[in-house]
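Read the structure below first, then the notes.
Any read-out appearing in this document is the output of simple, stated calculations on the displayed coordinates, not a laboratory observation. Values in this document were obtained by computation on a predicted structure and should not be read as measured data. No Cβ is skipped: glycine too gets one built from the backbone with ideal geometry, and neighbour counts run over all protein chains shown.
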Amino acid sequence: MYLSWATPRDGGSNAGPARCWSSCRDFRSALLALFANLILAGPALAYAVPDTMEDAGRTSTASALAASIRLAQAQPSPAQPPAAAPTTAASPPANSPAASPAAAPSDEPIGNVATLTGTASVIRNQNTLPLKLKDDIYLNDKLVTFSDSTLGVTFNDATTFNLTANASIAVDNFIYEDGGQQNSALFDVAKGTVAFVASAVAKTGSMKIATPTATLGIRGTTGLVEVNGASSGAHNIKLYPDPDGHVGTIDISDRNGARLGTLTQGSSGFTIRAGAGGRITAAPLAISPQQAARDQGIVRQVHAAQAVGRQVVNEQRALRRANPNRANPNRTNPRGAPGQNGPQRQNNLQQRQNNLQQRPG
């Protein structure tokens, strides 16, 4: 503001000082008002600055935090550690069925050759070996006769089989313990005519005979199985009395377990054949006098083989007990190689087979 002190143009002497005092008083009032306003405004300004700075600090802090968040989002996530491999299931105990290896066949003999005519052989561990009297028989052996031979084999429980010419039977299972109640046996007749007389296993446990289309449950008796060698061909099952005249039972089922019939009378039989749609049936068999006479001759042979075989089994068992380290030349070692003299005997068997093939007719 610019203030001036001037004499009025009209030259009045009193008016000038009066107006001047009035103007000066107004000026002083305005100046005091301005100064008061400045003083009053000072505290407000003094307190407003910290609020502004605090707000600015908050804004700065929020901006910094937002920037940090944006920076953290912009940066790639640190590599996650690889996921832990799934925990392997604990191995089952050694004595559990899943961990236990399949039970290996016992090396103990389960029977012996009781009677033999002509040439017969055993297929054992993929080796074909000739048989001779008193030879040991083992689990999983397959016994074979040729056109000029018959073979009688007695097992440890006195069960005996007599194979006629061109017959074959496999020992699929044989468990026997003197006085045991869990004994079992399974024999598989693949072809030919085979007579049998059951003993302790059939009386104390379960004895079965399999054919290409049927399964026979044997309960203490003598029987005859005739298999023509064809899986779908008809074959005969016959029941005969034991040496003491006792007649047991033969239960007949198909390979799926369906019941086909039961034989309970001596000199009776069934013919097993495949019917319509492959269904296996059992029809009663009429045995002619000629067939009965022939069968009786085979049955007498198996009864005689059992009588001899009992003695052979007991004798060979006593020898094994007296000489536990005695090697059986017909038994193969664990690696499947023939034992002592095994290859030579196998070569002799092959030579005999070649001679048989070269014979006329």
Going residue by residue through the range 166-173, the Karplus relation 6.51 cos²θ - 1.76 cosθ + 1.60 with θ = phi - 60° gives ³J(HN,Hα) values, rounded to whole Hz and with x marking Gly or Pro, of 6, 10, 8, 9, 10, 9, 7, 7
By the mean-Cβ-within-10 Å protection proxy, highest first, 140-152, 178-190 rank as 140-152, 178-190
The answer for the net charge of residues other than residue 260 whose Cβ lies under 12 angstrom from its Cβ, with Lys and Arg +1 and Asp and Glu -1, is +2
With +1 on the Cβ of every Lys and Arg and -1 on the Cβ of every Asp and Glu, the dipole magnitude of the range 111-324 about its Cα centre, in debye rounded to the nearest 20, is 180
Quick calc, the range 255-320, dipole around Cα centre from Cβ unit charges on Lys, Arg (+) and Asp, Glu (-), nearest 20 debye, gives 220
The range 111-324: relative contact order from alpha carbon pairs under 8 Å, six or more residues apart, as a whole percent, is 17
In terms of the charge dipole of the range 111-324, which places +1 on Lys and Arg and -1 on Asp and Glu at the beta carbon, the residue among 207, 303, 145 farthest towards the positive end is 145
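Which net charge results for the neighbourhood of residue 154, defined as the other residues with beta-carbon distances under 14 angstrom from its beta-carbon, given Lys and Arg at +1 and Asp and Glu at -1?
-2
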Listed with the fewest Cβ neighbours within 10 Å leading, 203, 208 appear as 203, 208
Neighbours of residue 185 by Cβ distance under 9 Å: Lys/Arg at +1, Asp/Glu at -1, summed charge -1
